[in-house]
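Encoded as structure tokens, the structure appears first; notes follow it.
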Amino acid sequence: MTAASPQLLARVAGIARRASGEILEVYAGGELAATAKADASPLTAADVRAHRLIVDALRELAPDVPVLSEESVHTPFAQRSLWRRYWLVDPLDGTREFLSRNGEFTVNIALVEGHAPSLGVVHVPVTDTSYRGLPGTGAWRQRGGGEPEPIQVAERTGAPLRVAGSRSHRGDSLDAFLARVGPHELLPLGSALKFCLIAEGGADVYPRLSPTSEWDTAAAHAVVTAAGGTVCRLDGAPLEYNTREALLNPSFVAFGPRDRDWLAMLEPVP
């Protein structure tokens, strides 16, 4: 059961929801402690507990499919390049938001095939909301134990333009983009929630001009694409996965409406 399908999507959503339960147990347990990883990013007990649950569950679900998680020992590209499909996981996306207790953190699980996500689930632990995407089939949002409801990106931009942006990372490049777009509303959010806002039509565009890792984006990339949106590099080429040793993304943009030339707006300022 490793081909992307509605049935597999539902199983993966269940795993993400169970991992969210592990995270919430830590979140409700008093003072939140973190240690620094080699790249200086924070690591908490919630990251570790969610990672273990997800990896074990995915290996049980699909023993023949490798799992690459942010909290795994990373596999060299010489080996990864042989993978036809694999799971790409961020067990707790938005650890800084988790530590600040603002609720804007997610569990991200994607199935990647041919350098593109073919299935993605983003689960929001605090609201018990699941965003699911199966590119070519559809995207859905499920709140708690309710029925999944279809979602899609906005068809046209309105006024003001709605721009999703990182709560933790903002720089001169984003400010230059905002100066070009005219009247706008900046919607700061943590984690993969920015993509989800695009997918459900709550924002028009999300430019990401500062570093991200592939596990930060793959699941939500699938959701946006499945909802009718686009995620691409600033040169218009697809945002791809597992193409080199480094697991860092280039700058990219995610958008729903196609009535603006987003790439022209993101060209370097002279």
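The values are calculated or read from the model by the stated rules, or taken from the named source; none is laboratory data. If you're wondering where the values come from, they're calculated on a predicted model, not measured in any experiment. So basically every Cβ, Gly included, is an ideal-geometry build from the backbone, and we count neighbours across all protein chains shown.
I'd like to check something: does the range 22-38 contain any residue that is more than 26 Å from SER118 (Cα to Cα) and of a type in the set (S, T, N, Q)? So far as the range 22-38 goes, yes, one or more of its residues are more than 26 Å from SER118 (Cα to Cα) and of a type in the set (S, T, N, Q).
Checked against the criterion of being touching a residue at least 24 places away in the same chain (Cβ under 8 Å), under 21 Å from ARG96 (Cβ atoms) and not in a strand (DSSP E or B), the range 176-189 has no qualifying residue. Residue count for the range 248-270 under the criterion of being surrounded by 19 or more Cβ atoms within 10 Å (Cβ to Cβ) and out of contact with any Gly (no Cβ under 8 Å at 6 or more places or on another chain): the result is 6. Only one of the listed residues (ALA246, ALA203, ALA222) is assigned to a helix (DSSP H, G or I), among the aliphatic types (A, V, I, L, M) and not assigned by TED's automatic domain parsing to the domain that holds PRO42. That residue is ALA222. Selection of the range 8-62 for residues being in a loop (DSSP other than H, G, I, E, B), surrounded by fewer than 15 Cβ atoms within 10 Å (Cβ to Cβ) and hydroxyl-bearing (Ser, Thr, Tyr) yields only SER41. Residue check: is PHE195 surrounded by 17 or more Cβ atoms within 10 Å (Cβ to Cβ) and in contact with a His (Cβ under 8 Å, 6 or more places away or on another chain)? Yes.
Cβ separations smaller than 9 Å between residues 6+ apart or across chains give the following pairs from the range 134-154 residues that are at positive phi and touching a residue at least 40 places away in the same chain (Cβ under 8 Å) to residues that are of a type outside the set (A, V, I, L, M) and not in a strand (DSSP E or B): GLY136/THR225; GLY138/PRO6; GLY138/GLN152. VAL253 meets the conditions (1) within 17 Å of GLY120 (Cβ to Cβ); (2) of a type outside the set (Phe, Trp, Tyr); (3) in contact with a strand residue (DSSP E or B) (Cβ under 6 Å, 6 or more places away or on another chain) in every case but one. The failed one is (1).
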